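Undergrad: This is the structure I want to talk about, given as structure tokens.
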Amino acid sequence: MDKQRKLIIAGNWKMNKTVPDAVELASQLQTDLGKVTELDVVVCPPFTALSEVSRVLRASTMRVGAQNMSEHPYGAFTGEIAAGMLKDLLVRYVILGHSERRQFQNETDALVNAKMKAALAAGLKPIVCVGETFSQREAGQTEQIVGDQLTGSLAGLDAEPMQESILAYEPVWAIGTGRTATPEQAQQVHAFIRGWLSRRFDDTTARRVRIQYGGSVKPGNARELMGQPDIDGALVGGASLDAHTFIEIVRNSL
Ligand code: PEP
């Protein structure tokens, strides 16, 4: 199998963990995963804990990501956080277009696209999420929906910044539901995304971009999912909130 891409496992803590709880979790992870180099390990705490988690992980190989950011560099945007502010906190990655933000904050592909460009301009690596709902899958629209999301979210992007970016295929029906896509179902969509990248950019870009799978990833299904030729890591929600479980996911992916 020609998988030369380094796996990337990221934990999305969502709106969980006070600062002391986040520090405790980061410290536990650091003890076990702080020297891992075979794959990239990233944690994405809420904004309030980014500074402290960055401090805990500073001397480790682990990296810190944010869960969202503004498309603007600064200004009168009450309650927003700019990419430059994240860089101040040693944040390297930012999740964009998560389905919860698309659903609850009405984020569109155009907004995700603007945020992605702002993230790249600031030197952050975007993790751009795409995925279909259950009814869209049932209606046979998965590739249409995912293709449209990619077209909108990656509009105007050149191959080079694309290669710095990460995509996450997250079927909405598998997020937080305990229903994981089968490795075959996930691989099918990942292969579609890689083909899409090849057509939209070029073969080199398609070969280089890492595509994570997200949706009820657990220690028990991580190995088989990561074994698929076009799955290059995982975006883990619920199972990233417990140190032991997240460590097992990373270990089972090695
Ligand atoms: C997510 O929120 O990105 C996610 C994949 O959640 P979970 O692992 O809980 O399904």
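Undergrad: Can you report the number of residues in segment 18-73 which are in a loop (DSSP other than H, G, I, E, B), surrounded by 16 or more Cβ atoms within 10 Å (Cβ to Cβ) and not charged (D, E, K, R)? Step through it out loud before you land on a result.
TA: Quick first cut of segment 18-73, residues in a loop (DSSP other than H, G, I, E, B) only: 18, 34-39, 45-46, 58-62, 67-73.
Subsequent filtering for residues that are surrounded by 16 or more Cβ atoms within 10 Å (Cβ to Cβ) retains 34, 36, 39, 45-46, 60, 62, 67-71.
Among the residues that remain, those that are also not charged (D, E, K, R) are: 34, 36, 39, 45-46, 60, 62, 67-70.
Count: 11.
Undergrad: Loosely packed, with under 14 Cβ neighbours inside 10 Å, more than 17 Å from the chain's Cα centre (by Cα) and within 19 Å of residue 241 (Cα to Cα): does that describe residue 78? Walk me through it before giving the result.
TA: Details: loosely packed, with under 14 Cβ neighbours inside 10 Å: yes; more than 17 Å from the chain's Cα centre (by Cα): yes; within 19 Å of residue 241 (Cα to Cα): no.
Criteria not met by residue 78.
This table checks each residue for (1) part of a helix (DSSP H, G or I); (2) away from the ligand (no atom under 16 Å from the Cβ); (3) in contact with an Asp or Glu (Cβ under 9 Å, 6 or more places away or on another chain).
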position	(1), (2), (3)
149	yes, no, yes
152	yes, yes, yes
178	no, no, no
190	yes, no, yes
198	yes, yes, no
207	yes, yes, yes
212	no, no, yes
217	no, no, no
250	yes, no, yes
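Undergrad: Residues being charged (D, E, K, R) and part of a helix (DSSP H, G or I): count how many of those fall in segment 117-147. Walk me through how you get there before you give the answer.
TA: Taking segment 117-147 as the starting set, the residues that turn out to be charged (D, E, K, R) are 117, 125, 132, 137-138, 143.
Now restrict to residues that are part of a helix (DSSP H, G or I): 117, 137-138, 143.
Final tally of qualifying residues: 4.
Undergrad: Search segment 219-244 for residues that are within 21 Å of residue 25 (Cβ to Cβ) and at pLDDT 95 or above and pair each with any residue that is among the aromatic types (Phe, Trp, Tyr) and within 12 Å of the ligand (Cβ to nearest atom) when their beta-carbon atoms are under 8 Å apart and the residues are at least 6 apart or on different chains.
TA: Partner pairs satisfying both residue conditions: 233/213; 234/213; 235/213; 236/246; 239/246; 240/13; 240/246; 241/13.
Undergrad: Hey, another quick one. Tell me, which residue of segment 98-116 that is away from the ligand (no atom under 11 Å from the Cβ) and not in a helix (DSSP H, G or I) is surrounded by the fewest Cβ atoms within 10 Å (Cβ to Cβ)? If you could, list the steps in order and put the result at the bottom.
TA: As a first pass, look at segment 98-116 and keep what is away from the ligand (no atom under 11 Å from the Cβ): 102-116.
Keeping just the survivors that are not in a helix (DSSP H, G or I) gives 105-108.
Numbers: 105: 10, 106: 8, 107: 20, 108: 13.
Among those that are away from the ligand (no atom under 11 Å from the Cβ) and not in a helix (DSSP H, G or I), it is 106.
Undergrad: If you don't mind, there's one more thing I want to ask. Under the condition of being outside any helix (DSSP H, G or I) and either out of contact with any strand residue (DSSP E or B) (no Cβ under 7 Å at 6 or more places or on another chain) or on the phi > 0 side of the Ramachandran plot (or both), which residue from segment 82-97 is surrounded by the most Cβ atoms within 10 Å (Cβ to Cβ)?
TA: Let us first name the residues in segment 82-97 that are outside any helix (DSSP H, G or I), namely 82, 89-97.
With the extra rule that they be either out of contact with any strand residue (DSSP E or B) (no Cβ under 7 Å at 6 or more places or on another chain) or on the phi > 0 side of the Ramachandran plot (or both), the set shrinks to 82, 89-90, 97.
On the way: 82: 18, 89: 16, 90: 15, 97: 26.
It comes out as 97.
The values are calculated or read from the model by the stated rules, or taken from the named source; none is laboratory data. Given the structure is predicted, the values throughout are model-derived calculations rather than measurements. Don't worry about glycine lacking a Cβ; one is built from the backbone with ideal geometry, like all the others, and counts go over all protein chains shown.
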